[in-house]
Amino acid sequence: MPRRLPRSRATLALALGAALTVPLALTAPAAATGPFSVTALTFTVQAGGRTCTVDADLYRPAGVDRAHPAPAVLATNGFGGSKTDGSTDAIGKAFARRGYVSLVYSGLGFGRSGCLISLDDPGIDGTAASRLVDFLGGKRAADDGTRADFVTLDSAGDPRVGMVGGSYGGAIQPATAAVDHRVDALVPLITWNDLAYSLDPNNTAGGVPGAFKWQWTNGFYLIGESRPLTVPNLDPSRINSLACRHFVTEACETIRTLNSGSYPARATAELLAYLRSVSPVSYLNRVEAPTLLVQGQADSLFNLNEATATYRTLKAQGVPTRMIWQSWGHSGGMTDPAAGELDLTQGNLESSYVGRRILAWFDRYLHRRPDADTGPAFAYYRDWITDPNHTYATAAHLPARTRKLYLSGDGKLVDNRGKVARGSRTYRNGPLPTSHSESLLTGTVGLPDPAPYDTEGTYLGWSSAPLTRATDVVGAPRAVLKVVSPQAERTQHSGNAADKLVLFAKLYDVAPDGTQTLVHRLVAPVRVPDVTRSFTVTLPGIVHRYEKGHRLRFVIAASDDAYFGNRGIKPVTVVSAPDDTGVLELPVLGG
């Protein structure tokens with residue numbers, strides 16, 4: 001039977017708003033105290049065939065006028081937020097104090113902005129944001145007649161404008177830049193590349209859905225559907241609707257398909273097509289604005305692979321692009337960043353590495369200062385460095401996978417094929433999940449999240465010898481696997497992708513005392529396209545030091561309670577021989 005969100009957990013999921021509304025509070029430090037005024041504005045815009053009211057605040061620095069114009073910053077809220085929450089409001093203040101005209105607004109379907117939640121669809125949300133760019137460029141007035149004739153222009157109607165924001169307020173940026181090439185610079189933080197991967201990840205090729213990330217997805221859905229209760233602003237077209245009150249219809253149908261646990265061919269094709277249509281993966285080819293990507297290492301919602309995919313696409317098409325992997329993301333630490341990190345409750349832009357990079361990005365592309373140093377192509381946070389002034393390392397390119405380890409039949413990870421022992425081992429799944437990576441639900445009610453675990457008999461693990469020196473892994477590990485599962489082989493051609501085998505790959509750090517750590521609780525769900533063929537699993541990117549004396553432990557498990565899993569019992573056997581075994585490839589610094 002498909003798993004559904006129990007009533008008790010659905011109630012708890014409403015509390016996820018605190019976790020899912022990223023507190024992107026770039027409050028200015030004491031040194032940045034330039035005075036400014038704030039004016040509340042509304043805009044009536046046409047977007048996606050609907051007439052929508054957009055609620056906004058305009059932050060205007062003192063001394064900025066037609067004779068002394070300034071570049072602009074445009075921003076909107078994270079999911080569940082609005083222009084008045086601590087995050088969005090703080091962006092306006094932070095950049096106004098630094099001399100930018102700031103226009104912050106409640107995204108469609110949030111706060112007092114009208115229309116339905118449409119998941120940062122470029123044709124809807126991006127179009128609405130483009131109408132605000134019209135205002136900044138002097139092409140239109142706000143509903144009360146207010147005009148912005150004090151923004152730096154590149155040409156008539158073309159304002160010098162950048163965008164900044166996180167999560168939902170991050171994805172709106174490429175969505176806007178794809179439909180409006182007047183946008184000059186983007187700084188998306190902790191956001192997605194492909195919602196199909198984010199919400200229903202499959203970490204192998206094959207074009208089929210993966211394992212439904214039911215906690216994250218239903219948390220967002222319940223927050224969105226509860227908006228008419230918490231902020232009375234129901235779209236008139238949904239007054240009589242009980243099944244889909246605050247999202248566009250396609251989003252509600254997608255949630256229903258995901259929660260059904262079933263993937264019939266037509267519904268699956270529609271699901272994937274819709275999620276990708278509202279994702280940068282489908283429209284990045286239209287983005288020209290220089291982009292500084294900031295992604296969180298502690299993020300099981302939008303992991304480092306999402307930013308990496310966006311980075312590689314933009315770089316390949318010649319867009320000026322940089323990428324930073326900071327410490328915090330959606331999975332904890334958002335309100336308590338590590339020492340020296342960009343603290344979004346303190347707004348330490350000048351005193352944090354990421355903050356300085358953001359300011360330099362806007363110096364270069366909004367103030368057009370050619371000598372502004374926009375930094376290296378790639379930077380990453382190292383949590384094993386104790387000096388907060390030296391936690392970031394930089395590189396001219398992403399690290400390559402340089403070390404191979406082989407899956408031996410005796411459960412060891414060995415460094416050459418000649419050491420592989422012949423053998424086979426088997427695990428089987430049960431009717432309920434038997435492995436745990438994370439739980440959003442315990443955290444939202446103040447309970448501790450149990451440490452990750454796997455139940456004996458429902459997983460296979462391979463462990464390396466104790467490391468002879470500290471080993472730094474930076475990037476996305478990859479595994480090439482071959483499994484045997486007669487039950488999965490019989491059902492995988494049923495015409496329903498839900499009948500294909502699901503497994504979960506992950507990499508632990510095992511200390512000398514046996515304590516094991518699942519780095520940032522990240523796992524790689526896989527729905528195997530064809531169990532008669534080998535397949536490649538790309539694990540979520542990590543930045544992690546395996547200390548001397550520790551062991552690397554690679555695990556494939558039958559289930560994970562944060563995801564939907566196998567339909568039916570599907571035992572799995574892994575066979576190893578020196579000339580035919582699984583391979584784990586690690587991006588290890590220094591080879």
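Worth pointing out:
- Just one residue in the set Gly107, Gly137 is in contact (Cβ under 8 Å) with a residue 40 or more places away in the chain and either touching a helix residue (DSSP H, G or I) at 6+ places or on another chain (Cβ under 7 Å) or under 18 Å from Gly165 (Cβ atoms) (or both); that residue is Gly107.
- Among the candidates Thr468, Thr386, the residue that is surrounded by fewer than 16 Cβ atoms within 10 Å (Cβ to Cβ), out of contact with any helix residue (DSSP H, G or I) (no Cβ under 9 Å at 6 or more places or on another chain), polar (S, T, N, Q) and closer than 30 Å to Glu341 by Cα is uniquely Thr386.
- Condition met for Leu441 (assigned to a loop (DSSP other than H, G, I, E, B), farther than 21 Å from Pro477 by Cβ and either polar (S, T, N, Q) or not assigned by TED's automatic domain parsing to the domain that holds Arg357 (or both)): no
- Against the test of being of a type outside the set (Lys, Arg) and within 28 Å of Asn496 (Cβ to Cβ), the options Leu293, Leu275, Leu284 yield a single qualifying residue, Leu275.
- Total residues in the range 542-591, condition hydroxyl-bearing (Ser, Thr, Tyr), under 25 Å from Pro399 (Cβ atoms) and not in a strand (DSSP E or B): 1
- Residue in the range 157-171 that is surrounded by fewer than 21 Cβ atoms within 10 Å (Cβ to Cβ) and assigned by TED's automatic domain parsing to the domain that holds Phe302 present: yes
- Boolean, Gly107 is within 29 Å of the chain's Cα centre (by Cα) and modelled with pLDDT under 95: no
- Of everything in the range 479-502 that is assigned to a strand (DSSP E or B) and surrounded by fewer than 20 Cβ atoms within 10 Å (Cβ to Cβ), the residue that is farthest from the chain's Cα centre (by Cα) is Val484.
- Scanning the range 414-438 for residues being in a loop (DSSP other than H, G, I, E, B) and of a type in the set (S, T, N, Q) gives a total of 4.
- Entirely in the range 152-269, the helices (runs of 4 or more DSSP H) that have 1 or more residues that are on the phi > 0 side of the Ramachandran plot: none
The values are calculated or read from the model by the stated rules, or taken from the named source; none is laboratory data. Keep in mind the model is a prediction, meaning the values are calculated, not measured. Using ideal geometry, Cβ is built from the backbone for each residue, glycine included, and neighbour counts are taken over all protein chains shown.
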